[in-house]
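What follows draws every value from the coordinates through simple rules; no lab data is involved. No experiment lies behind these values; they were computed from the predicted model shown. Every residue, glycine among them, receives a Cβ derived from its backbone with ideal geometry; neighbour counts consider all protein chains shown.
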Amino acid sequence: MKKFATVIFTLFLIFILSSCNQIEYTDIVTTMFPQYDFVKQIARDDFTVSLLIPPGAEIHDYEVTSQDMAKIKESKLFIFTSLEIDNWIGDVNTVGGNDTIVMNLSAYYTRSPLLYGEPILTPLNDESIAANQLHYWTDPTTAVQLIDAILEKMILINPAIEDTLRERVATYIESIDELNTEIGNYIIENDYLGSTLYFAGHNALGSFGQRYGLNILSLFEDFKPDVDLTSNELITFTNNVRNTNTHYLFIEELAVPKAANTIVNELAKEQYQLSLLELHAYHNVSQIDYTEGVTYRDILERNFENIKLDLMFGN
């Protein structure tokens, strides 16, 4: 019996050690796609970087694993989105290791002045304000502040390559700034200021819409996906789409567009054609996008192209 117990214990140790060896430790660990992309654009081959939430996964439903916690504790820099989104963190003072820099990204920006004044378009209630603050990264003027803040933390890890890191950041920020300016100019020059986009998703893109003077009307007013939707809310939203004679309906990335398909099918009964376009909130990317190295800027440009389709041909 004693020999049997020894064998079991030995097998248990082998299993534990084997599991530990499968953990891919990296210099920097990030919880969500935006900060992962920002780090990758700065790091290139000078740091190892990992995205904690797997590509294609829903971030709001993420559950941390013991291996994830081990990766964080062994990292030099751990960047998370916010305690509201990454609510599994608990105590920021204990989540990392002794030498881990823990960065709550939501504390590293101030909202840039809006070009069109406040309030923008539809009045903001408390829930909308909370949603905008929660999804702060969707505003590209905020994104460039986050990139700068991340840069400073990475310099602390490897100050010997500071000049190189700053050059990379300058290049990436310039590309985002140029696209941001292009989008804003397009909205103004074509007299699209104040246009409404219908979004059959959760309330995640208010800050993005405000940046460009666009009213993004969300089907789900809650800032989390998959909340309960009443039949009256669905009917009201469908009527708004019909009454404004728009022919494009925006949907979330990665989510199955059940509500959007319902709206499309209902309006099709009236010979009303409605096409679906993605409006990406940068929460996460698909496995294909991840493999192909799609960036925050790439997604911003993709959103711009889809928005132009709606503004030019939607009505």
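Counting each DSSP H run of 4 or more residues in the chain as -39500 (n - 2.57), what helix-only mean residue ellipticity at 222 nm follows after dividing by all residues, to the nearest 500 deg cm²/dmol? Intermediate values should be presented prior to the final figure.
Numbers: 11 runs with 149 residues, N = 315.
Using -39500 (n - 2.57) per qualifying helix, the result is -15000 deg cm²/dmol.
Given that compact globular proteins tend to follow 2.2 N^0.38 Å, what is the ratio of the alpha-carbon Rg of region 229-273 to that value? Provide the component values of the computation, followed by the final result.
Numbers: Rg = 10.4 Å, N = 45, 2.2 N^0.38 = 9.3 Å.
Region 229-273 yields a ratio of 1.12.
Sort SER50, SER231, SER218, SER112 so the one with the fewest other Cβ atoms within 10 Å of its own Cβ comes first.
Details: SER50 17, SER231 7, SER218 23, SER112 13.
Arranged by neighbour count, lowest to highest, SER50, SER231, SER218, SER112 become SER231, SER112, SER50, SER218.
What angle do you read, to the nearest 10 degrees and between 0 and 90, between the alpha-carbon axis of helix 33-43 and the longest principal axis of the chain?
That helix lies at roughly 60 degrees to the long axis.
Restricting everything to alpha-carbon atoms, can you work out Rg to Rh for the chain with a Kirkwood hydrodynamic radius?
On the way: Rg = 22.3 Å, Rh = 21.4 Å.
The Rg/Rh ratio comes out at 1.04.
Sketch the reach of a paramagnetic label on ALA160 as a point 7 Å from Cα along Cα-to-Cβ, and name the residues of region 43-78 whose backbone nitrogen lies under 14 Å away.
From region 43-78, the list is 46-47.
Using a Förster distance of 35 angstrom, determine the FRET efficiency expected from the C-beta separation of ALA268 and VAL64, and round it to 0.05. If you can, show how the numbers build up before the last one.
Values: r = 43 Å, r/R0 = 1.22.
Step by step, r from the Cβ atoms, then E = 0.25.
Among the chymotrypsin sites (Phe, Trp or Tyr not before Pro) in region 36-91, which ones are in a DSSP loop with at most 15 other Cβ atoms within 10 Å of the Cβ? Mind listing them?
Loop-located and lightly packed - TRP88.
Would you mind estimating how fast region 207-315 diffuses translationally, via Stokes-Einstein at 37 °C and 0.692 mPa s with the Kirkwood radius over Cα pairs, in µm²/s? Mind showing how you got there, number by number?
Values: Rh = 15.1 Å.
Answer from the Stokes-Einstein relation: 217 µm²/s.
Restricting to DSSP loop positions (anything but H, G, I, E, B) with no more than 15 other Cβ atoms inside 10 Å of their own Cβ, which GluC sites (Glu not before Pro) remain in region 270-315? Can you show the working numbers first?
On the way: sites: GLU270, GLU278, GLU292, GLU301, GLU305; in loops: GLU270.
Answer in residue order: GLU270.
From the P(r) of region 142-245, can you give the percent of Cα pairs sitting at distances over 16 Å? Don't skip to the answer; put the middle values down first.
On the way: 3721 of 5356 pairs.
When all Cα pairs of region 142-245 are counted, 69 percent exceed 16 Å.
Using the alpha-carbon atoms, what tilt in degrees (0 to 90, nearest 10) does helix 140-157 show relative to the longest principal axis of the chain?
10 degrees
For the chain, the longest stretch holding no trypsin sites (Lys or Arg not before Pro) located in a DSSP loop with at most 13 other Cβ atoms within 10 Å is which?
Details: sites that count: ARG44, LYS269.
The reported range is 45-268.
Would you mind checking which residues have amide H under 5 Å from THR196's amide H? H placed 1.01 Å from N; only 5 or more apart, or other chain.
Residues meeting the criterion, in which the H sits 1.01 Å from N, are ASN215.
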